[in-house]
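Heads up, the thing below is written out as structure tokens.
The values are calculated or read from the model by the stated rules, or taken from the named source; none is laboratory data. This structure is a prediction, so every number in the text was calculated from the model and none was measured. All Cβ positions, glycine included, derive from the backbone under ideal geometry; neighbour counts span all protein chains shown. Quick note on the areas: whole protein, heavy atoms, side chains included, nothing else; ligands and nucleic acids left out. Shrake-Rupley method; radii C 1.70, N 1.55, O 1.52, S 1.80 Å.
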Amino acid sequence: MNRLTWYGHATLGLETDAHKLVIDPFFDENPAASTTADQIEAEFILISHGHGDHIGDTFSIAKRTGALVISNHEIATWLQKQGLEKVHGQHLGGGFQHPFGYLKLTLALHGSQLPDGSDGGNPCGFLLTTNNGKKIYLAQDTGLFGDMRLIGEEGLEVAVIPIGDNYTMGPDDALRAVKMLQPKTVVPIHYNTFDLLKQDANAWATRVESETDSKVAVLKPGEQLNF
Ligand code: NI
Ligand code: MN
């Protein structure tokens, strides 16, 4: 069994095959976070892009836990220059068999500037094939793009997509994304963190479930989905 936790905003936990991952670990400055960075256990940290609400508490968690940080080449190199030794750089379209599964970096339409103004390369999403053969797509921050159809062709158990609007897809485009991704279950993220990202996830879920075959899991920060 695999277990996904939404901690609020775009911060996720994933337990798979006895491995613990945290994705875009934004806890201590995150007004929606259900816990604090010092409570997080992780062997692997995945970073989708350079923005502060995604780099978040990477340093403190990686230093305390010794987790390997996985991101694109530019962010991995930047983290190394800041003193993190255990990093693994990949890039869009490239996959690698990690102990927790086969992880591929996917396209994301967004920015990726790092907190000190450095270039964070291209932003990405993640497509993970777990060791028990389930596929989960973590879109993280992105606008709608037609190649989501290609990701959907992989046969997704779960898709995690933003609905907050302003910086990412809003509810209308997120509904179109579900139609292309066709996951068994979809989890909305990147909303209700701040007033700017206010959305009614339950209303969105009703629309998705009436117009697609996907089920929507509307989680509260700290809640989990088993798949
Ligand atoms: Ni961002
Ligand atoms: Mn963001």
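Remarks
- For the range 90-127 versus the range 154-227, the gap between their alpha-carbon centres in whole angstrom: 21 Å
- Comparing 81, 215, 179 in a Gaussian network model of the chain (Cα springs below 10 Å), the most mobile by mean-square fluctuation is 81.
- Average Cα contact separation per residue, the chain, under 8 Å, 6 or more apart, as relative contact order %: 18 percent
- When the Cα positions of 128, 82, 44 are compared along the charge dipole of the chain, 128 comes out farthest toward the positive end, with charges on each C-beta of Lys, Arg, Asp and Glu.
- Projected-area average for the chain over all orientations - Cα convex hull basis, square nanometres: 10.6 nm²
- Each of the peptides 27-35, 134-142, 162-170 was scored by the mean count of other Cβ atoms within 10 Å over its residues; in descending order, highest first, they stand as 134-142, 162-170, 27-35.
- Debye, to nearest 20: dipole size of the chain, +1 on Lys, Arg Cβ, -1 on Asp, Glu Cβ: 480 debye
- Relative contact order for the range 176-227, counting Cα pairs under 8 Å that sit 6 or more residues apart, in percent: 41 percent
- Surface analysis of the chain yields an accessible area of 41 Å² per residue, using protein heavy atoms and a 1.4 Å probe.
- Peptide ranges 39-46, 9-16 listed from the most packed, as the mean C-beta count within 10 angstrom indicates: 9-16, 39-46
- For the chain, with +1 on Lys and Arg beta carbons and -1 on Asp and Glu, the positive-most of 58, 25, 94 along the dipole: 94
- Over the chain, dividing the summed -39,500 (n - 2.57) contributions of all DSSP H runs of at least 4 residues by the number of residues returns a 222 nm mean residue ellipticity of -5500 deg cm²/dmol.
- Antiparallel DSSP beta bridges within the range 7-147, as percent of all bridges there, nearest 5: 65 percent
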